[in-house]
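**Q** Structure in structure tokens, see below.
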Amino acid sequence: MRLPESQLAVLEAANTTDDPTVDRLADATELKPASVTRAAFDLREEGLVAVDETTETDAELTDEAREYLEEGLPEIRLYRAALEAGATDEPVSMGQLIGASGLGGPQVDIALSNFARKGYGSIDSGAVSAAPEATPDADPEAAALETLAAGDSVDDSALLDQLERRDLVVQSERTVRTVRLTQVGRNALEAGIEVAQTVDRLTPEMLTSGEWQDVEFTEYNVAADAPAIEGGRKHILRQTADRVKDVLVGMGFQEMEGPHADADFWINDCLFMPQDHPARTHWDRFALDVPPIQSLPDRLVARVESAHREGVGEDGEGYHSPWSREFAEAVALRGHTTSLSMRYLSGFAGANIEPPQRYFSVEKVYRNDTLDPTHLLEFFQIEGWVLAEDLSVRDLMGTFEEFYMQFGIEDIQFKPHYNPYTEPSFELFGTHPTTGELVEIGNSGMFRPEVLEPLGIEADVMAWGLALERLLMLMYGFEDIRDVHGTLCDLALLRETEVVY
């Protein structure tokens, strides 16, 4: 039998060691681990060896963990300070113990959150009581950190998971391959194996010299493992946005574009949103400390102000509330992309507004919301409007049904709603494919005369703002949008998920 030199070296090394790993074979043969792995798979194809695979978890200490190895875990430091202060007999002020323990910054919250969890005592109304029976010297988390620092492994997966939740370790899985010599392999070694001169590529020099006739070419094993290369790719949210754009363009829409930071006039005043509306306070909007936008069209500003103060038409009332051009010129991050719609419908963006017209945008908006599984501080909104004669709510609902059908969503539900700028108005809901719960996916309606008349629009306009992230949740069953967006996103999920057309 003839074998390439690398395969023979691996076969002989496997014969001298009981079930060696690839790393041990690499040390014994002075080959790279990748070369040993490739040779082992080739030998397995010949029946000379067997390759067993197991998955092992490695845990690497973070910088925070190494700091705690020197100073002690915050909860242990707090407990020791409590013991010295006599907190086993009567409660001691938390402030006194924090000062005595030397804790500061985020370590204080870390100590307090883990103190009771580990049974070191209790905290009530700012006073700390210490449990006399607690044994901080036997703290399993501290012991695990010391074990890992010494280069040994910790077999308690639940303990490792807890340390990872505390950002003290980073766990990673790796595949360990063990090479076992088969009886066929042993017989081949006893019978004797010759080294075959092999090459892995044909060169011009071999052709010129004729050397190619005397060498043996390496057979390529297309099933062998190759190094994993994680290159850059388009985020699934951006893929979904591109899909939405394709669908809307196919439905006859044109795309809008405009500034992320804009005058409050375009963001809210044109929408007949009163300037004292709660949504226009610092609690909901991101105002910017920059010079105001004073290049607003004066005639349009006057008509919008009149609509706010007096209303439009014979029965118009307006709000009779304060209205300030200075506030209208102030700059903020747009809370919805309807600011683009106002720019386009007013003709200020240079768009053709002779009916019929259809426009859309898929752009980012910014709101001062509380983060939760369905809300972010910045997210993508699918803005759209149709300008035409004799439009009705029936047309609007039909547009939504056609749009969502393109994504396999056919159970859209509608709920009447109030908006200052549309009447009638309704919210859209879809059924989550995993939980079965109704998820709000958008808001819509017919623009009111108080919005359209100042803009000079005499036809009907139906408009909407849909949530791109919520669409993604309905398409793929994500229960928390932070799984795909932000610092908590699942990188493996982003690498593996493709938006299907």
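**Q** What residue, of 186, 180, 233, is in contact (Cβ under 8 Å) with a residue 60 or more places away in the chain, basic (Lys, Arg) and loosely packed, with under 12 Cβ neighbours inside 10 Å?
**A** Exactly one of 186, 180, 233 is in contact (Cβ under 8 Å) with a residue 60 or more places away in the chain, basic (Lys, Arg) and loosely packed, with under 12 Cβ neighbours inside 10 Å, namely 233.
**Q** Would you check which residues across region 276-334 are of a type in the set (Val, Ile, Thr), free of Cβ contacts under 8 Å to residues at least 60 places away in the same chain and not in a helix (DSSP H, G or I) and list them?
**A** Scanning region 276-334 gives 281, 290, 293.
**Q** Quick check on this structure: which one of 108, 51, 128 is out of contact with any strand residue (DSSP E or B) (no Cβ under 9 Å at 6 or more places or on another chain), of a type in the set (A, V, I, L, M) and either assigned to a strand (DSSP E or B) or over 30 Å from residue 7 (Cβ atoms) (or both)?
**A** Every option except 108 fails the conditions.
**Q** Can you tell me which residue is farthest from residue 6 (Cα to Cα) among those in region 190-216 that are at pLDDT 85 or above, in a helix (DSSP H, G or I) and not acidic (Asp, Glu)?
**A** 208
**Q** Taking the condition loosely packed, with under 14 Cβ neighbours inside 10 Å, of a type outside the set (Val, Ile, Thr) and under 23 Å from residue 69 (Cβ atoms), does residue 95 pass?
**A** no
**Q** Within region 81-105, work out how many residues are part of a loop (DSSP other than H, G, I, E, B) and acidic (Asp, Glu).
**A** Of the residues in region 81-105, the ones part of a loop (DSSP other than H, G, I, E, B) are 85-91, 102-105.
Adding the requirement that they be acidic (Asp, Glu) leaves 89-90.
Count: 2.
**Q** Of the residues 81, 85, which single one is free of Cβ contacts under 8 Å to residues at least 24 places away in the same chain, within 27 Å of residue 169 (Cβ to Cβ) and of a type outside the set (Phe, Trp, Tyr)?
**A** Unique residue meeting the criteria: 81.
The values are calculated or read from the model by the stated rules, or taken from the named source; none is laboratory data. All values reported here derive from a predicted model rather than from experimental measurement. Ideal geometry is used to build each Cβ from the backbone, glycine not excepted, and the neighbour counts take in all protein chains shown.
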